[in-house]
Amino acid sequence: MSREDSRGLSLSVTVVAGGCPGARTNMTMEAACREACGTAAAKGMYQLCIDTLREEDTTAGSVDEAGEYAYHAAWRALWAYLDTMGRAWHFLGDAARLAGEEKAAYEFCVGGRYQEAEAAMDRVRNRLPDHCGPNVGDEYKMALRDVGACRDRVAKLPSSPLLAMVEVDYNRTLLASMLGKLIGVK
Ligand SMILES: *[C@@H]1O[C@H](CO)[C@@H](O)[C@H](O)[C@H]1NC(C)=O
Ligand SMILES: *[C@@H]1O[C@H](CO)[C@@H](O)[C@H](O)[C@H]1NC(C)=O
């Protein structure tokens with residue numbers, strides 16, 4: 001067997017092992033959000049889900065593959081992280097006006113945690129909608145852990161204009177992982 005053959009073989013095995021069983025299921029965004037978020041318990045998440053998916057297609061009741069929804073949610077979370085990092089850098093650029101603990105908190109977020117979360121969510125985005133191996137589940141967990149660590153730190157400040165953004169980022173990360181579960185991420 002030539003080297004190319006063996007490489008092709010191992011690649012196709014990886015794909016099969018990590019395939020997303022639910023990625024090609026056609027469903028409305030309302031059904032996807034209902035299944036991913038549950039109903040009454042997480043009304044806020046359901047609304048965030050609908051708002052996020054409507055950015056792609058504003059037609060209520062339109063149908064798409066569940067894998068596309070999961071992909072879009074990951075992409076949207078990533079975009080939100082970049083936005084938040086831009087804002088935090090902006091505050092850090094005006095360091096003279098920042099209290100020491102505020103400066104330390106923002107540096108903790110953009111200098112580390114958000115970069116880690118961004119890298120993790122970027123790996124998710126690169127693998128979806130066709131790769132659902134356990135490694136993808138780990139990447140969602142890493143992003144949740146890192147954004148959550150930033151949120152907890154910022155929440156301890158007396159007040160912060162960044163907190164609202166970081167809290168939404170956490171929910172966006174959670175939503176992305178819920179839509180990942182919907183298509184079969186473990
Ligand atoms: C989902 O819809 C698309 C476009 O209509 C179609 O090509 C595809 O085969 C459908 N997938 C399934 C699993 O029915
Ligand atoms: C995040 O989601 C939770 C659960 O739905 C909700 O209670 C909370 O208000 C949300 N936070 C933000 C900032 O949207």
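What follows is calculated from the coordinates using simple rules that are stated; it is not laboratory data. Owing to the predicted nature of the structure, the values given are computational and were not obtained by experimental measurement. Reconstructed Cβ throughout: ideal geometry from the backbone, glycine too, with neighbour counts over all protein chains shown.
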* Pairs of lysines 8 or more apart, or on different chains, with alpha carbons under 27 Å: count those in the chain, would you? => 9
* **Dipole magnitude (debye, nearest 20) for the chain, charges at Cβ of Lys, Arg, Asp, Glu** => 420
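With only alpha-carbon atoms in the gyration tensor, what are the semi-axes of the equivalent ellipsoid for the stretch 89-186, in Å, largest first?
With the √(5λ) rule applied to the stretch 89-186, the semi-axes are 30, 12, 9 Å.
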* Structure fact -> Kirkwood Rh for the chain from C-alpha pairs, in Å, is 17.5
* Would you pull out the residues with amide H under 5 Å of Gly19's amide H, same chain only if 5 or more places away, H placed 1.01 Å from N? => Cys132
* **In order through the stretch 144-161: 3J(HN,Hα) via Karplus (6.51 cos²θ - 1.76 cosθ + 1.60), integer Hz, x for Gly, Pro** => 4, 4, 6, 5, x, 5, 5, 4, 4, 5, 5, 5, 7, 5, x, 6, 8, x
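Once the Cβ-Cβ distance between Glu101 and Trp79 is put in as r, and R0 is 41 Å, what FRET efficiency do you end up with, to the nearest 0.05?
Efficiency computed from Cβ-Cβ geometry: 0.90.
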* Quick one: order Ser177, Ser160 by neighbouring beta-carbon count within 10 Å, fewest to most. => Ser160, Ser177
* Structure fact -> Listing Thr59, Thr28 by rising number of other beta-carbon atoms within 10 angstrom, fewest first, gives Thr59, Thr28
* Structure fact -> Simple SL model, points at 7 angstrom along Cα→Cβ for Glu30 and Asn126; separation in nm is 3.8
* Asked: ³J(HN,Hα) across the stretch 89-103 via Karplus (A = 6.51, B = -1.76, C = 1.60, θ = phi - 60°), whole Hz, x for Gly/Pro?
  -> 4, 4, 5, 5, x, 10, 4, 4, 9, 8, 5, x, 5, 5, 4
* Asked: In the chain, which Cys residues have no partner Cys with a Cβ closer than 4.7 Å?
  -> Cys37
* To do: Give me the number: length gained by fully extending Lys141 to Glu56, i.e. 0.36 nm times residue separation minus the C-alpha to C-alpha distance, one decimal in nm.
  => 28.1 nm
* Asked: So what are the ³J(HN,Hα) numbers for the stretch 33-38, from phi and the Karplus equation (6.51, -1.76, 1.60; θ = phi - 60°), rounded to whole Hz, Gly and Pro as x?
  -> 5, 5, 5, 6, 9, x
* Structure fact -> Ordered by fewest other Cβ atoms within 10 Å, a rough proxy for footprinting exposure, Asp94, Asp122, Asp57, Asp169 read Asp94, Asp57, Asp122, Asp169
* Once the dipole of the stretch 62-108 is set up with Lys and Arg at +1 and Asp and Glu at -1 on Cβ about the Cα centre, which of Thr84, Ala104, Val63 lies farthest towards its positive end? -> Ala104
